[in-house]
Each structure stands twice: as C-alpha cells, then as structure tokens.
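Down below is the structure, laid out as structure tokens.
The values are calculated or read from the model by the stated rules, or taken from the named source; none is laboratory data. Nothing here was measured: the structure is a model prediction, and the numbers come from that model. A quick note on method: Cβ atoms are made from the backbone with ideal geometry, for glycine too, and the neighbour counts reach across all protein chains shown.
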C-alpha cells in the first residue's frame, strides 16, 4: 500500500516531472539532479546469492521497468547469462527514486558475480561510492563474498550487507549476521534482511543506499573529467562508452579528448542507461551514463581511460590494472574454410569483451587459429558459448594452458595439487577459510569441480594471482613408433609426468585407427619413456559380403575413407586423423 | 499343394519349356560367345520373408499375403524390359535372391526363366541359383524348383548351434538345416552352397571351428563364410546398443576367419573370393560376374543392376536401382514396364575403381588381360609399378604385382579394405595425370 511504501506512488521518472505527458519526446533534463542527490552503487555477491533478482526488484520499485512476472534478471541481457543464471557483462541502470520528498538519482551498476569477472567488478566499483553486498541467508559467506568484499573495501566504498532469501525454509539470517560481523567487522545491526524474490523489505535497501552511501565527491563547475568504465560496440553507432563523470558537464557537440590515445572526438550523443540507452541533453558531474563519439573500435574506449574537453586537459583519473588473462586456450575453426568467418566473429565479440586477449596461432593438427587469453575457465566457456549462440560459429577449443616463464627447471586433493597453505581462519563453528598458494595450472582445469564434489557442494573457492614461482616442470614428448608428435608436446610437472603421459597415451590408443602394422604410443621425457600403449595391427579388414547391391555402398565408403586418409597427418608411416588430436587435446587433463 | 487348374497348367508348361530349353541347348553344342556388352547376369529379387532375421537389413518385407500372380507378372515384365533396353543377347547366370525366394512358387521362377529365354540366349548350362531357407525347402518343393530350371542352391544355414540360430532369429534348427542340406545335395549334386556366419556376439573361436569341421562332413563343394556385420536398424544392433548382448569382438572374428580359411584350404577348398570357398571347380559364376565387373540386370524391388543401354555406344554403363517397396515397384512396372528408380551413369574412372576394388576380392586378382578389357588409359604397371606406398605394401607381402597382374597375398586378402585406401587414391591420381580435363561424370 501507499502508506506502507512511502514515495512508491511518485518515485518513478516516467510519471513524474521529468516525463510529463506533454513532453514525452523531450529529452530529460539531467541538470535537476544535483551532486548531493546522486548515489552510485553496485551489487556484489557470490554466485546465485540473488544479485540479479535484487536488481530486478530495485528496477521495478523505481518504476524503471514495469512490474510484471516476467522480470527475470533484466540486466542479464545475453542469452548465455540467462541460461547459466550468471552475469557476465556489467550493466548499468539509472533509477529515479523519491525519498522524503526529494528526488534521487540512483545509478546501479550491476556486476558479474563470478570470480573470473572480478576484473569487471573492480572497474564497475571505481565508478561507485558504495556497494550492496548480497549474502544468501542459507549459504552464508562464500568465497566470492569475501573476494568481492575486499574489492569494495580496498576501494574504500561503503558496504551495505544485504541478507537475501530470508523466505527460504533453512534460512538462518542471524547466523549470517554473526559471520558478517566476524569476517567483515560490520556491526550486525547494519545488515538488511530481505527476500528479493518476494520483494520483502527491498524498499529499505533503497533507503539505506540514500542514507548510508555518500554522494560522489565531484564538481560540476570544474572542466570535464569522465572515467570510461565499460564499453560496448554497436554495429550501427560504433563504440558506446559507459562513463562516470567526476567533474564538469558533457553534451552533444562537445569535442573531447582521450587521455590515453590523445585523439579528439566529437560527442554525437549522451544519455543515461535506463537500463536501455536514453539520450539526454547533457550529463553532469556525479552522473553515470553513456556517450557516443565516433569511436570505431573499443580499443579506442579503453576501460579506465579519462575523457576531457578539447583544450581543457585535466589530470587523468587513476586507471585500473588492465585485465590479466589467467587461462589460455587454442581456438581453431572446425573446418579451415570457416577461418575467416570465425575470425570476424571473434573480432566482434572481443569488441564487447576487451578482457580477452587474442594472438594468431597455428597448429600442425588444427591449422590456423588463435591463442586466446581469458580471465578464467568460466570466462572461456562463456566466450565459446557466445561464439556459438550469437555468431553460430563452431570451434575446437584445445586444452587451456597457463603462462609459464621460460626458466624451465621449476587435505589430499590440495596436496596432490602442489599447494602450500598460507593461513586458515574459522568463520564460524561450521565454516573455515583456508588460504593456499597454488600453481595456477593445477586449478584452471577442474580444481573447482573436484573441490565441489569432494565437499558435496559445500566448499567454495576463489583465487587471485600470486605471481610466478619456480617449479620443476619438464617437457614431455609423445611418440608414435619413435616419431615425436609435435601437436602433443606438453609441459608438465615432473611428479605428474607419468600420470599425464599415461592418460594421453590411453586417449590416443582409443582414437587412433588401426593400421596394417603395430603402433607404439609412448610418452617420453628426454630419452626416458614414462608411459606406453600399443595399437594392434588390423588382422581383418574387408567387407564380408560384396555382391551386386553392396557395390555402390562399398565404393562410397571406400572413397570417403580414402578422402579422409588424404586429410590425415602422417607421422612416420602412421596416419593420424586430425580429430584424434582434437579428442586428446580437448579432454586432456593436466593432473 | 493344391493349385487351381489354370495355374497348374501354367506351371507345367513353364517347367516343360525350361526342360526343353535345356535339352535343345545341350544338343546345340558350344555357342559362339557374344561380346561382353551383349552378355549379362540376371539377379531377381524376391522381397518377402516369413520372419525378420535379427541381423538382416536387406530390402525385405513380411507380407500378410502375397499376390504372387501380380508379382510374377511384374518380374516377367521387368526382365523383358530391361533385357530389351540393354540389348543383352546372352544370359550366363540367373540368381534368385531375397528376401526368401524359396517361398516363391516354382511357377514364378519358371516364368521368369522362360521370359529370359524368350528374349535372350539362356544356355542350358547357365547357372541358375536359388537362395533357400532350410525351413521353406522340403524335398518335393526343391524338386519343383529344379524342374522349373533351378540348377544350384544356396542354403542360408548360418550356424550349427541352435542357440546361435535363435539369436539370429532363424526359423530352422540345426537338424532341420542338415536334413535340408542332405536333400538339396541329393537333388543338385555338386551344386549346393551353404552360408556360415562368424563373429556373432559371445561366439568363441574353438566352438565355431568345431561347427565348421562338423559342416565339412555334410557340405557340398561350395561354402561361404560371412562375418556378421551389425547393421543399424536390426534387432541385433539394438540389443548390442542396449547392452543386452555383448558387442562382437573383431579380434575373435579375425581369428575365426584366419583359422577357418586355413582349415578349408586343408580340406581342399579354393578360397576364390574373400568369403567364398569352392572345391572341384564349383565356383559360383554368377557372383564371379560381380567381382569381374561384368554386366548384370537387377530385377525386382530394390534390385541393383549395372549395364550399358543398347545404342548408348561407348562406355555409358549405368548403375541402376529399382524401387524398393514392392507395391510401388509393381505399380511402376505396370505403368512403365520397369521399376527403375535411380539411374546413375558410371564414369570411366568409377568403373575402373570398381574393377580394381572388386577384382582384388578374388584369388586371381586383377590380371593384366582383365584390366585391359576395360580399355584403361594406363596399364597396372603404369599405375602401381613405381608408387612408393604401393611398394611398401608389396614389401610387406600384402600385395603382389607381377607378370600375371595385381593381387592380394593370402594375408593381404584379409585386410583388402586397408590396401584399397592406398590403391584407389593412386588410381585416381594416375588417372588425373593422364586425362587432364575429365569430362563430367568421368
């Protein structure tokens, strides 16, 4: 009811003064929002703790979107995001909300929840003064809750803990309050207990945003200083840069300069994100929105770049660390004739995801392709899925590899992964936080899966880069009848050479077609053989029945096989079909 | 068997005609052989079975009732049409396959043979084979087929183990099969062939070899050993997929094959083709035609044929497939005189590829003389003489190339399909080097 929810009837932009029926086509006047009426905030959470659902409710409450049953993860625009229930790409929405007779502009910057995307989180946070830290009342603090808290804490942001899902049967908000107090040192009375799903108590979240998060410290009168915190690419309009204005004003027709590349651009359009782009006359200091300025390439809108007015240079804002790829993978077209299509698909996709690094590469087995760097495994999977879904591209993804520096001489699960314990902290009676130093190649492939299955899903995991360490790594060759298979040369830790070698040999044994002679498959380190498998020769390979009606079929089959043979790679006198490598590379695990 | 008077008269007339033909021909002395383009084998497909065998994916139907007279008329019409189209003047063999052609009436067989003899020369010593199921072949019926002109039987015995026969979905038992075999031999001495399968799920080498040895006590002069191939769409395939039956072990099948062919060699059989063994010269001339890439007409639903149209000139041999489904096939035959659904012209290279692939299945392989009959642009020496990969096969004793021609060694024959993956591309390569711009379709 209206009484119970003060401001609910008058809080929304479309029905209020900004969008009076007479001036529906008019662009909103953003000058009405003074700096002290602006709040920039983010929602951060562990995966599945309900971040996107809370965002939906906030959008509904402020009339930004209609309140219907269909509002599910409105800010998750990509198909892959909705399918996987994760947020990959940061999204921004400007909310208009009246509280105690005053109209506020609340800029919500949605952030990805997964550890792989903490880069996106950190750059979103730089445009904020506060965060909502959402924690599941059932699961309590999880690994990424901790990681995200520290990102916000380091950025000196106000943290509002929000305990979500209190409607669930096993919810224990009091226990979670205690955890928050213990781990984050936030008094338990600061926690807001809500059910985003049912909308319970969500209103008080908005009020806390206004009351607890400070307005941005900016000055409208200073010359323009805008931070680029994200960018997307639109086929028709070019680069759309998401900006947070720290000082000054920007409007259509302004000449702006990128502090990074020193190029000058003319602003074609400015506006707010609602959550779709809505153009405005101007954007003012403290506000968050977008601008389009004839940039042709997302690399021109570098994340962390500062934009200023032509002839009014300013001190650039501290940029962020650029994304550092943690996982690499070879990506190849399934069919080489698809190379150019895949190339353009990758180019388009990286326009919207500048954290992916791309280098041309080629493999004897797979032809021309790329070596791509990703922020993590999920990031890699998401990228692959987007290629398939949005560009209909079929690719072969080879085993991810992690960067080594070339000075190559270098609990049970954790022990087997060459980890060193750093510290341990009990979060409460039933939870413990362990910190380990891991070699990255031990965790990129399936550590998280193994951890989850060993702990029956209770353990959660997060990591950050701890730099390079020396390790005893060796180069392992795979040989077929004594000839090295270059496609399968692997870097592996000395202690695991045997296991890895054995796995590769077994996989090859299963995929190599039998030939007229025996094939010895060996894994070798230097001259030492660490594993061996044998493919027996064919003793019988001839169609039993071949009469009138069978001949056409038989000839077709033989010709197809002969064609396939032409495409095989010859190693010594052994013919190896390319998909044999693919099968080995695709599923190979560095355990 | 009670037949209406009219049909009985027809049957008797046809049988008498067949016998007359045989007498006439045997008196007439050796006929002058027509050129290869005027000669052909005829395959007649009888598409019906009593019961579906668990391994069979052939074009066969389990009918509620066969309109045999209509079927017979259509077979007769089609064989006439195709003989006329092909301009074939001499038919050297006729093979009634299926399905289960021994379920057809002898009258039908006689009528087809009569039609052939009316249009072309069907010498008395032409091989006329009928595939027979042990259960549908009582002695009296076999005799009727003999009277109708059949002079060779191929019996689908498949196994001498009742459990295996059940697994295969066969309607006969070991004892009934052996009884049928004995009767067949009495009626067609020296002209009976039996099929034995190997490589069945769970089948072991020792017991299978004992089956073969047992069969040697009962069989005539011709034997075929077929490795089971699991075909999609069969009950057996589904059972193996579901894990109800173990997948056949190819290693064991290979061993059975090697041991089996060695055993037959010792017993005086010549392995004249990958799966076929004969003694006392009892080779099947009909099948020999396939492997020598002679012409053959395919009659009946789903039958395949390969022949040159009369007047087409040159080498425009066609691969033909008749309409699969019996009812549709009959409609087409009644409308157009034949039920050819698909005609694919065979290019010269394609023909040579078949000559190579089929010829090497036989023990004599590809003789230089045989190869030259197809007027290739290159000799076998030209094509294979200097090739490195072929040389490796020769050195490994899998293949022989000498003054006689190109052929598989004893162990090479068992892996012919692997050898062909080297030989076929080599033939194509040599062909493209000598014929710079191949005409479309060859």
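Side notes on the structure shown:
- Hey, residue B:325 under 21 Å from the mean Cα position of the chain (by Cα), within 24 Å of residue B:47 (Cβ to Cβ) and surrounded by fewer than 18 Cβ atoms within 10 Å (Cβ to Cβ) or not: yes
- Leading residue by the ranking (farthest from the other protein chains (Cβ to nearest Cβ)) among those in the stretch B:381-390 that are surrounded by fewer than 21 Cβ atoms within 10 Å (Cβ to Cβ) and not in a loop (DSSP other than H, G, I, E, B): B:381
- Flag for residue B:282 being more than 9 Å from every other protein chain (Cβ to nearest Cβ), at pLDDT below 95 and touching a strand residue (DSSP E or B) at 6+ places or on another chain (Cβ under 9 Å): no
- Looking across the stretch B:217-243 at every residue that is within 30 Å of residue B:182 (Cβ to Cβ) and more than 22 Å from the chain's Cα centre (by Cα), the one that is farthest from the other protein chains (Cβ to nearest Cβ) is identified as B:217.
- Some residue of the stretch A:551-563 being in contact with a helix residue (DSSP H, G or I) (Cβ under 7 Å, 6 or more places away or on another chain), buried (at least 16 other Cβ atoms within 10 Å of the Cβ), closer than 26 Å to residue B:392 by Cβ and away from chain B (no Cβ under 12 Å): no
- Flag if residue B:194 is assigned to a strand (DSSP E or B) and at pLDDT 95 or above: yes
- Out of A:372, A:408, sole residue that is in a loop (DSSP other than H, G, I, E, B) and either at pLDDT below 80 or within 18 Å of residue A:487 (Cα to Cα) (or both): A:408
- Residue tally, condition assigned to a strand (DSSP E or B) and within 28 Å of residue A:349 (Cα to Cα), over the stretch A:231-254: 12
- Unique residue being at pLDDT below 80 and over 17 Å from the mean Cα position of the chain (by Cα) when the list is A:365, A:345: A:365
- Looking across the stretch A:513-532, just one residue is under 23 Å from residue B:418 (Cα atoms), away from every other protein chain (no Cβ under 14 Å) and buried (at least 19 other Cβ atoms within 10 Å of the Cβ), and that is A:521.
- Here is the figure for the stretch B:351-377: residues that are farther than 15 Å from residue B:294 by Cα and surrounded by fewer than 17 Cβ atoms within 10 Å (Cβ to Cβ) total 4.
- Of all positions in the stretch B:264-275, at least one carries a residue that is under 16 Å from residue B:221 (Cα atoms) and at the interface with another protein chain (Cβ under 10 Å from one of its Cβ atoms).
- Subset tally (residues that are within 19 Å of residue B:112 (Cβ to Cβ), more than 14 Å from chain A (Cβ to nearest Cβ) and part of a loop (DSSP other than H, G, I, E, B)) for the stretch B:305-338: 2
- Residue B:214 being over 23 Å from the mean Cα position of the chain (by Cα), in a helix (DSSP H, G or I) and either within 13 Å of chain A (Cβ to nearest Cβ) or on the phi > 0 side of the Ramachandran plot (or both): no
- Among residues of the stretch B:263-277, those that are under 15 Å from the mean Cα position of the chain (by Cα) and assigned to a strand (DSSP E or B), counted: 4
- Condition met for residue B:406 (outside the structural domain of residue B:261 (by the TED database), closer than 20 Å to residue B:291 by Cα and not in a helix (DSSP H, G or I)): yes
- Any hit, the stretch A:533-541, residues being out of contact with any strand residue (DSSP E or B) (no Cβ under 8 Å at 6 or more places or on another chain), within 14 Å of chain B (Cβ to nearest Cβ) and buried (at least 18 other Cβ atoms within 10 Å of the Cβ): yes
- Residue count for the stretch A:489-511, restricted to those that are crowded, with 20+ Cβ neighbours inside 10 Å and closer than 30 Å to residue B:415 by Cα: 4.
- Lone qualifier among A:122, A:98 - being at pLDDT 65 or above and in a strand (DSSP E or B): A:98
- Scanning the stretch B:148-164 for residues that are part of a helix (DSSP H, G or I), surrounded by 16 or more Cβ atoms within 10 Å (Cβ to Cβ), away from chain A (no Cβ under 14 Å) and at negative phi turns up at least one hit.
- Filter result for residue B:302 (facing chain A (nearest Cβ under 10 Å), out of contact with any helix residue (DSSP H, G or I) (no Cβ under 7 Å at 6 or more places or on another chain) and in a loop (DSSP other than H, G, I, E, B)): yes
- Out of A:174, A:167, one residue alone is farther than 19 Å from residue A:52 by Cα and either out of contact with any helix residue (DSSP H, G or I) (no Cβ under 6 Å at 6 or more places or on another chain) or not in a loop (DSSP other than H, G, I, E, B) (or both). It is A:174.
- Counted residues, the stretch B:339-377 - those being in a loop (DSSP other than H, G, I, E, B) and at pLDDT 95 or above: 6
- Criterion: at pLDDT 90 or above, within 22 Å of residue A:27 (Cα to Cα) and not assigned by the TED database to the domain that holds residue A:96 - qualifying residue of A:277, A:269: A:269
- Sole residue being under 20 Å from residue B:293 (Cβ atoms) and either modelled with pLDDT of 95 or more or surrounded by 19 or more Cβ atoms within 10 Å (Cβ to Cβ) (or both), chosen from B:420, B:398, B:393: B:420
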